Structure formats: structure tokens, C-alpha cells
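Engineer: Before I ask anything, here is the structure I am working with.
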Amino acid sequence: MEHFSAKEASWLFIRHFDDLNEKEREELATIRQGSETAETIYQLVQAFLQMVRQLQGSHLESWLRSVRACHIPELRRFANGVERDKAAVLVGLTLSHNNGQTEGQVTRIKLIKRMMYGRAGFALLRQRVLHRF
């Protein structure tokens, strides 16, 4: 059996099965068949991604129960974080609109500001932000 890095396995676990090529499908099958824990992780990750992709916030509570029952520390830590901010997670898993565009613009402006730190004044910063330089 081949050995796969955690990074490789993670990448295979989060992608749509239909997007995997034949070699990747074989690798995924090998990982899933090699460990009951890996199979459980795969099923729970796919269920969570389905909620995200299909905006199925109504399934969150049952998913959290499944994670608590599986006793996989990494997934339980993730679920604990979801629980801490459950209201926001539910909004994200339910509503089709979000503030992603706004956050992207803020990140772009911060990048421009960091690139220009100590080099120019507000007038040049304003031009760069407005004209996308």
C-alpha cells in the first residue's frame, strides 16, 4: 500500500468525487479502505461540504451529533469551533448572500497599503485604490 501525506489525503477528501481523475479516485479508495477512521472522516467531511455547497444549514445539528459520536479529536475540535459561533455558521449555511466581496476589497486595500507603507501619502494610496493599481 502506498503512503499518502496528510496534505494529499486532505485534498482528495475535500474535492468533488466527479472532479477526481482515475489515479486520484484509486488513491482515495486506497485511503478509505485502509482505515475505518479515514472512512469516517471522509464521510463527515463530505457531509459538511454538502451542507456548505447546497446551503443546508438545517442539517448542521445532526452533523454535529455525528461528529461528537465519532470521537475523532481533530473533527471534534472543528465541531467545537462551529458550536462556539453556531449562529454565524447557520447564517452562512442558510443564506445565499454573504459579505465575501466586501472582505475581498478590504483585503486588497490592506495589501496596497502595506506595499506603499512609508513611500507615499494618502493621495497616491487613494489613486491606487480607486484605479486598481
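Engineer: Would you please name the residue that is nearest to the chain's Cα centre (by Cα), looking only at residues in segment 15-34 that are surrounded by 12 or more Cβ atoms within 10 Å (Cβ to Cβ) and within 20 Å of residue 75 (Cα to Cα)?
Structural biologist: 15
Engineer: To continue, here is another question. Of the residues 26, 2, only one is farther than 30 Å from residue 98 by Cα and modelled with pLDDT under 95; which?
Structural biologist: So the residue among 26, 2 that is farther than 30 Å from residue 98 by Cα and modelled with pLDDT under 95 is 2.
Engineer: Kindly indicate whether residue 52 is open to solvent by less than 70 Å² (accessible area, probe 1.4 Å), within 24 Å of residue 10 (Cβ to Cβ) and modelled with pLDDT of 95 or more.
Structural biologist: No: the conditions fail for residue 52.
Engineer: Output the residue which, of all residues in segment 1-14 that are within 18 Å of residue 76 (Cα to Cα) and not β-branched (Val, Ile, Thr), is surrounded by the most Cβ atoms within 10 Å (Cβ to Cβ).
Structural biologist: 13
Engineer: Within segment 102-120, is there a residue that is free of Cβ contacts under 8 Å to residues at least 12 places away in the same chain, loosely packed, with under 13 Cβ neighbours inside 10 Å, under 21 Å from residue 56 (Cα atoms) and of a type in the set (A, V, I, L, M, F, W, C)?
Structural biologist: Scanning segment 102-120 turns up no residue that is free of Cβ contacts under 8 Å to residues at least 12 places away in the same chain, loosely packed, with under 13 Cβ neighbours inside 10 Å, under 21 Å from residue 56 (Cα atoms) and of a type in the set (A, V, I, L, M, F, W, C).
Engineer: Suppose we filter segment 69-82 for residues that are surrounded by fewer than 13 Cβ atoms within 10 Å (Cβ to Cβ), outside any loop (DSSP other than H, G, I, E, B) and more than 16 Å from the chain's Cα centre (by Cα); how many remain?
Structural biologist: So the answer is 2.
Engineer: Additional query: Out of the residues in segment 83-98 that are at pLDDT below 90 and open to solvent by 90 Å² or more (accessible area, probe 1.4 Å), state the one that is nearest to residue 55 (Cα to Cα).
Structural biologist: 96
Engineer: Between a residue in segment 49-65 that is free of Cβ contacts under 8 Å to residues at least 24 places away in the same chain and any residue that is among the β-branched types (Val, Ile, Thr) and not in a loop (DSSP other than H, G, I, E, B), which pairs come within a Cβ distance under 8 Å, given they are 6 or more apart or on different chains?
Structural biologist: From residues that are free of Cβ contacts under 8 Å to residues at least 24 places away in the same chain, the pairs are 64/82.
The values are calculated or read from the model by the stated rules, or taken from the named source; none is laboratory data. Values in this document were obtained by computation on a predicted structure and should not be read as measured data. Note that we place each Cβ from the backbone using ideal geometry, even for glycine, and neighbour counts take in every protein chain shown. To get the accessible areas, we keep the full protein, side chains included, count just its heavy atoms, and leave off ligands, DNA and RNA. Shrake-Rupley method; radii C 1.70, N 1.55, O 1.52, S 1.80 Å.
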